[in-house]
1. Listed highest first by mean packing, meaning other Cβ atoms within 10 Å per residue, what order do 336-344, 160-168 come in?
2. May I ask what percent, to the nearest 5, of DSSP beta bridges between residues of the range 325-504 are antiparallel?
3. Considering the Cα positions of the range 514-651, please state its Rg to one decimal place and its Dmax as a whole number of Å.
4. Taking +1 at the Cβ of each Lys and Arg and -1 at the Cβ of each Asp and Glu, which of 404, 444, 375 sits farthest along the dipole of the range 374-453 towards its positive end, judged by Cα position relative to the Cα centre?
5. Quick one: in the range 70-183, what % of C-alpha pairs are over 18 Å apart?
6. What is the spread of the Cα atoms of the range 325-504 along each of their three principal axes, largest first, in whole Å?
7. Quick check on packing: order 40-52, 543-555, 408-420 by the mean number of other C-beta atoms within 10 Å, highest mean leading.
8. Under a plain spin-label model, where a point goes 7 Å from the Cα along Cα-to-Cβ, how far apart in nm are residue 378 and residue 517?
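Just so it is clear, none of the values below were taken in a lab; they were calculated from the coordinates. These numbers come from a predicted model, not from an experiment. So basically every Cβ, Gly included, is an ideal-geometry build from the backbone, and we count neighbours across all protein chains shown.
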Amino acid sequence: MLLENISSPADLESLSYAELDALAEEIRNLIVERVNTNGGHLGSNLGVVEITLAIHRVFDSPSDVILWDTGHQAYVHKLITGRQAAFATLRQPGGMSGYPSRRESEHDFIENSHASTALSYAHGLATAMARRGEHDRHVVVVLGDGALTGGMAYEALNNLGHSGTRVVIVLNDNGRSYAPTVSRLSTELTQLRLNPAYVHARERVRRRLRDIPALGELAYSGIHGLTSALREIVTPHRFFEALGVRYAGPIDGHDVARLEQALIHAAQWDGPIVVHAITSKGRGYAPAEEDEVQRLHDVKVRSLAAEAPRSPAGASGPEDAASRAISTNGSVDPEAPSSYTEAFTRALLEEAEQRPELVAITAAMPGPTGLLPLQERYPDRVFDVGIAEQHALTAAAGMAMGGLRPVVAVYSTFFSRAFDQANLDVGLHGLPVVLVLDRAGITGDDGPSHHGTLDMSLALAIPGMTLFAPSSAQEVPVMLHQALELEGPSAIRFPKTPAVQAGPGSVGSGLSARCVRRGESQVCVMAVGKMLAAGEEAAELLLAEGIEVTLWDVRVVSPPDQEMLIDAASHQLVVTIEDGIRVGGAGTYLVDAMRSLPGLERRLPPVRVLGLPVAYLPQGKPDAILAELGLDGTGVAASISAALAAERDRLGIG
């Protein structure tokens, strides 16, 4: 085994190309085995093996800085930078991160898992090195998995070319991000050939040339030279070099020898240069190569060899068998949606049938956000903008201005990238755009960059934003329908964790909260979204102590239900529970709304706001993380008991 003898990049130098090919096969086998066990990003890492080996043979990490964009394609890099033993703990609590991690290794410079950022880092790092006179160091960016579809990447390219900053950019062009990319610079020039303006102009010229007396056919045949010249205008090297960035390629991204030669020459260039490598996502693993949807971009913990049926949502669902839909009485309903994403998909299809003006927008993730079935049924009503959440929101604003009803489906963690657009392009104009924020709250194995902790605080900062938080799968269609009836912006946020199933009498309506249980006047709990389950468990535990709890399913955080607020204010203690950050979150928002109730300015009851701390929370299982933070049923009950005891002490009650 060659891999077990690789403890640092320096160990690659003595290997022959035949040995490097064998090493690449070993690496692929290990990645498949480990991702099968722990889950993680498979296809992208299988495609970047030879690029990683070539980079580490040409450049001297960590003296030379290697930046990965997107960061989930760095598994091979981890394996050859001294982390083979830790690889068994990939994405496990306390184990190896699924992304570059500065705490893990000096070879990891940035912890980027959100795409299209590395070129900006590179511009700053290379500028700093030049100012310090460190001319013997290089900055290398591995730009792949659709990262070049994001706007920040183009902004950075513009600055790199203008400044002439010395950066080597390896464009890992696999034609995909999560799904096939919506823009690909390639020698095939498909985009130009199919461009209607180009096609129409070409045909007009051809018709006119044919009308030239005597010379018509000769001139017509010469049109091919013209079209070739037009295509040349937009070839990759013209595109990059127009920005001041030198271009080399395209190169076979699975040929280590050719990659090395190109990188050696690129390292000698005194300015920004792109080495364009064509790769195959999922290389060497048949199930990934045959997956036309996402090339097994990411894999949940299951047998990769098994032909598991896809959910109707086409989405990447929860990790294990326990993710099956669970009803409130504990029984399994095989007809119920297994995830909130699937519930959204079903609801969206129903609404689309009734609303021809409904369209959906995704930022390169139609499968995970549940839009594939809609795309299959109405291909002209789903827009994939690539890794460009900012553009997605402003484009949605334009669509809404034009009379459409856009639904923008993104992960909660990516919503922060488009806050300015949601605030000023959608919110300021009061436009009826529906944001669907998937993977809200604690998500689990992907760690701090993917926990959806900020979405509520961000959404609540936008004037006029209606914020829905379903506590069950059955709430999702009700809320989507209501959101599509509104005249202004709205957001529906739901978790990645298994969908709770509610009976017909346990679903709310409109913009009203729902009183789940009625206690005495001691404690009122207002629970947001999935945290209703923790509130119900806490209420049962407290009942055994003789404490009766009034429990509300908030459903709509903004605008808050006035009846719920008035009822809460009549209790001796008010508790809010959420799986978002406490600061500026749902709890503080609801408490502030209570203070605005007439007559309550000076007699607001004691309040406890339970939620997530302002912290970068590590990877781990969602339920375990919530329990550690005191946000499971036991923790909530303990907090309420402690708050009641503190209040008795304050009043001098024994």
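1. Working: 336-344: 26.1, 160-168: 20.6.
Answer by packing, highest mean first, reads 336-344, 160-168.
2. Working: 2 of 24 bridges.
Roughly 10 percent of the beta bridges in the range 325-504 run antiparallel, per DSSP.
3. Just the Cα atoms of the range 514-651 yield Rg and Dmax of 14.2, 45 Å.
4. 404
5. Working: 3512 of 6441 pairs.
In whole percent, the long-distance tail amounts to 55.
6. Computed over the Cα atoms, the extents are 45, 38, 28 Å.
7. Numbers: 40-52: 27.8, 543-555: 20.0, 408-420: 22.9.
With the highest mean Cβ count within 10 Å placed first, the list reads 40-52, 408-420, 543-555.
8. Roughly 4.1 nm, to one decimal.
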